[in-house]
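The values are calculated or read from the model by the stated rules, or taken from the named source; none is laboratory data. Since the structure is predicted, the reported quantities are computational estimates derived from the model, not experimental observations. Here the Cβ positions follow ideal geometry from the backbone for every residue, glycine too, while neighbour counts run over all protein chains shown. Only protein heavy atoms, including side chains, enter the accessible area calculation; ligands, DNA and RNA are left aside. Shrake-Rupley method; radii C 1.70, N 1.55, O 1.52, S 1.80 Å.
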Amino acid sequence: MMTTTATTASPAQVTVLGLGSMGSAIARTLLERGYRTMVWNRTASKSAPLADAGAATAATAEEAVAASPLVVLCLLDTPAVEQVLGSIETAVAGKVLVNLTSGSPAQARANERWARERGAEYLDGKIMGDPPYVGTPHVLFPFSGSRNAFAAHEPTLRELGTVAYHGEDAGLAGVEFMAQVAVAYELLIGYLHALRLVQAEGVDVVEFAERVAGSMPAFPALLTSMAQAVKSGDYQPDLGSLNVQAALMDDMISHRRSVGVEAIRMREVKELMDRRIADGHGDQGFSSLFELLAEHSHA
Ligand code: FVH
């Protein structure tokens, strides 16, 4: 009888803990890319579609962790992570834990300590994108934490989207995530206010959106020049001097009032401009408001 020796390496094994919308998309992508995928979810029934697609399922998180060198957590929030970590304590030595759950930089640093004390390596990752786009370049994953773990598992992590490594301080991915998400929320709430204003004036909101999109190419250069002004403290009159902008702000506030759109954010900007002008900086630009944004600067 002839015996054959397998010459191809068996596919890498990955465990995914948490099969909500995002965890399921991650596990499915890994399966589709040929990884042997072990899954666990607190509510076991959510594993069924992945089991049908070829995933192995574990009855407990501990069993799932024991199966793979690389363990991805994608849970609702920090309390969920703490609960699951507590249940896998005895199985994590020698593993790489990649936590993709949203949370603060401080929490990521605490998780990193927790893992290190138990002989595991920890990578914190954040997800910027939606489940249907996992596996495409349109989802961004900032990572931070163990450099060795990132280097060893980067090809696997790249299956999920566009990845970037921010450094060994495990909190840095969270810093990036919190800041990028904040930019998006601040911009989008401003945009919704603008849509309300435009609609109140009888202008088509979709046509307006297309014109706004057309003005977006101007933003990258503006963002960079504002950051340079903040870094150097040299506040040129970007967007005009504050003296001129404050007058415009009055018009914007009264326009909003006249069409019944609330103006709380505009009033906040105006108040910052007034304070900066009162401090003798009316010749500086919009970027100089940065000086007033530390909590202690609110006298
Ligand atoms: N669009 C998105 O989905 C985004 C975009 C950007 C970032 N996120 C973050 O991804 C994390 C997971 O989000 P998700 O969309 O998968 O959330 P859910 O579908 O609600 O699934 C939550 C999973 O967490 C499990 N879970 C909750 N609490 C516990 C617990 N105490 N112990 C164990 N597991 C827990 C839950 O299990 P179950 O309810 O099915 O039993 C789900 O598996 C999140 O951080 C987003 O901010 C998503």
If R0 = 41 Å, then THR60 and SER104, at their Cβ-Cβ distance, give a FRET efficiency to the nearest 0.05 of 0.90
Here the range 158-173 yields Karplus 3J(HN,Hα) values (6.51, -1.76, 1.60; θ = phi - 60°; whole Hz; Gly and Pro given as x) of 5, 5, 8, x, 8, 10, 9, 9, 9, x, 6, 5, 4, x, 5, 5
If amide H atoms are modeled at 1.01 Å from N in the peptide plane, then the residues at a separation of 5 or more from VAL163, or on another chain, having amide H under 5 Å from its own are PHE141
Cβ-Cβ cut-off under 15 Å around ALA110, Lys and Arg +1, Asp and Glu -1: the net charge is -3
For LEU73, the residues 5 or more places away or on another chain with a placed amide H closer than 5 Å to its own amide H are LEU17, VAL98, ASN99, LEU100
The answer for the chain, accessible area per residue at 1.4 Å probe in Å², is 55 Å²
For ALA184 and ALA53, extending 7 Å from Cα along the Cα-Cβ vector and measuring point to point gives, in nm, a value of 2.1 nm
So the carbon and sulfur contribution to the accessible area of the chain, 1.4 Å probe, in percent, is 58 percent
Percent of all alpha-carbon pairs of the range 13-175 at distances over 27 Å, whole number, is 12 percent
Here FRET efficiency (C-beta to C-beta, ASP77 to ASP238, R₀ 35 Å, nearest 0.05) is 0.35
Diffing the range 191-208: the Karplus 3J(HN,Hα) column from phi (6.51, -1.76, 1.60, θ = phi - 60°), in whole Hz with x for Gly and Pro, holds 5, 5, 4, 5, 5, 4, 5, 5, 5, 4, 8, x, 9, 5, 5, 6, 4, 4
So, with points 7 Å from each Cα along the Cβ direction, the ALA164-ALA213 label distance in nm works out to 2.4 nm
Other residues with Cβ under 14 Å from the Cβ of ASP279 give, with Lys and Arg +1 and Asp and Glu -1, a net charge of -2
Quick numbers on the chain, Rg and Dmax over C-alpha atoms in Å, give 24.7, 93
With only helices counted (DSSP H, runs n ≥ 4, each -39500 (n - 2.57)), the per-residue ellipticity at 222 nm for the chain, to the nearest 500, works out to -15500 deg cm²/dmol
With x for Gly and Pro, the residue-by-residue ³J(HN,Hα) of the range 136-141, computed from phi through the Karplus equation 6.51 cos²θ - 1.76 cosθ + 1.60 at θ = phi - 60° and given in whole Hz, is 10, x, 7, 9, 9, 10
So LEU248 and THR136, fully extended at 0.36 nm per residue minus their Cα-Cα distance, gain in nm 36.1 nm
Given a Förster distance of 25 Å, the FRET efficiency implied by the Cβ-Cβ spacing of LYS231 and ARG116, rounded to the nearest 0.05, works out to 0.15
With 0.36 nm assigned to each residue of separation and the Cα-Cα distance removed, ASP274 to VAL205 gains 21.7 nm
Two pseudo-spin positions, 7 Å from Cα along C-beta at ALA152 and at LEU292, lie apart in nanometres by 5.1 nm
The set of residues whose placed amide H lies less than 5 Å from the amide H of LYS95, leaving out same-chain residues fewer than 5 positions away, is GLU121
